[in-house]
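Beneath this line is the structure, given in structure tokens, with notes to follow.
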Amino acid sequence: MFAIPLGDDKAELRPLEVWQDEEFLAHMDRARELVDPWIPFASFATDRESARDLLRRYAEKQAADTGRLYGIWLDGTLVGGVLFRIFDTASGNCEIGVWLEPAAQGRGLITRAAERLIDWAVYERGMHRVEWDASAANTKSIAVAKRLGMTRDGVIRQNYLYRGVRHDSEIWSVLAPEWKARAGR
Ligand SMILES: CC(C)(COP(=O)(O)OP(=O)(O)OC[C@H]1O[C@@H](n2cnc3c(N)ncnc32)[C@H](O)[C@@H]1OP(=O)(O)O)[C@@H](O)C(=O)NCCC(=O)NCCS
């Protein structure tokens, strides 16, 4: 229950909540090698307590309607997730973040999960702009933004200081009228 199928009978998008801290930590331990080079997300969850804190922060965001977090399960194993890092109903702007563990890469799971989030943001919540921010070197992430039909708004030069290195950030987005006009919808 509370699960959305992700294109086949093996993958599901489900809420990921505080009580799942142990499962989340085990998944983060599998995901670190893929996630750590790009974003600090996995480094926020390094033991039961910090994993729980991260999930609690998103539960609090959800309660305040300022963010959300969902997990992706493949064959019953938590393998990744998607989130609204920012969800600002006053301005109609939100930002999506994503991650996977290596075993789940290359199946289209993130693209399909992000589609569900954008559908919800645009059709149910009336959001106007869905944003995707990635290091310019993160070609896998930028490929997802392209598959989602997003437009590259621009580059913020060297604004992302991560592990002592300054990266260019690419900002991609899709606007509600563009999302609604997508072919096949
Ligand atoms: C970014 C990240 C989530 C992308 O993962 P991904 O598996 O490439 O993305 P998707 O789940 O959308 O899958 C797309 C891949 O599956 C393939 N694929 C297979 N079946 C597919 C389908 N039915 N639909 C779409 N793509 C499919 C695509 O060809 C693509 O592979 P390719 O890049 O080799 O061409 C992953 O690399 C990751 O977790 N990186 C670390 C964390 C991170 O950088 N997060 C983003 C920060 S901005």
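Read-outs throughout are calculated quantities, based only on the coordinates presented, and are distinct from any laboratory measurement. All values derive from a computational prediction rather than experimental measurement. All Cβ positions, glycine included, derive from the backbone under ideal geometry; neighbour counts span all protein chains shown.
A compact table of results
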read-out: Count of lysine pairs in the chain with Cα separation under 26 Å (8 or more residues apart, or interchain); value: 4
read-out: Sequence of F41, F2, F24 once ranked by neighbouring C-beta atoms within 10 Å, starting from the fewest; value: F2, F41, F24
read-out: Hz values of 3J(HN,Hα) by residue in region 14-24 - Karplus curve (6.51, -1.76, 1.60), Gly and Pro given as x; value: 9, x, 10, 10, 3, 5, 9, 4, 5, 5, 5
read-out: Extension gain (nm, one decimal) between D36 and E178, 0.36 nm per residue minus Cα-Cα; value: 47.9 nm
read-out: Estimated 222 nm signal from helices in the chain, with DSSP H stretches of n ≥ 4 weighted -39500 (n - 2.57), rounded to 500; value: -9500 deg cm²/dmol
read-out: Three semi-axes of the equivalent ellipsoid, the chain, Cα gyration tensor, whole Å, largest first; value: 23, 21, 17
read-out: Distance in nm between pseudo-label sites at S50 and D29 (7 Å out along the Cβ direction from Cα); value: 1.4
read-out: Under 5 Å, built H, 5+ apart or other chain: amide partners of I86; value: E95
read-out: Length-normalised contact order of region 73-185 in % [C-alpha pairs under 8 Å, at least 6 apart]; value: 22
read-out: Estimated FRET transfer efficiency (V155, E124; beta-carbon r; R0 35 Å; 0.05); value: 0.65
read-out: Separation in nanometres of the label points that stand 7 Å from Cα toward Cβ, at S169 and T139; value: 2.4
read-out: Ranking of D153, D47 by count of other Cβ atoms within 10 Å, fewest first; value: D47, D153
read-out: Part-to-part distance (alpha-carbon centres) for region 11-50 and region 81-112, which is given in Å; value: 14
read-out: Nitroxide proxy distance, nm - points 7 Å out along Cα→Cβ at F2 and R116; value: 1.3
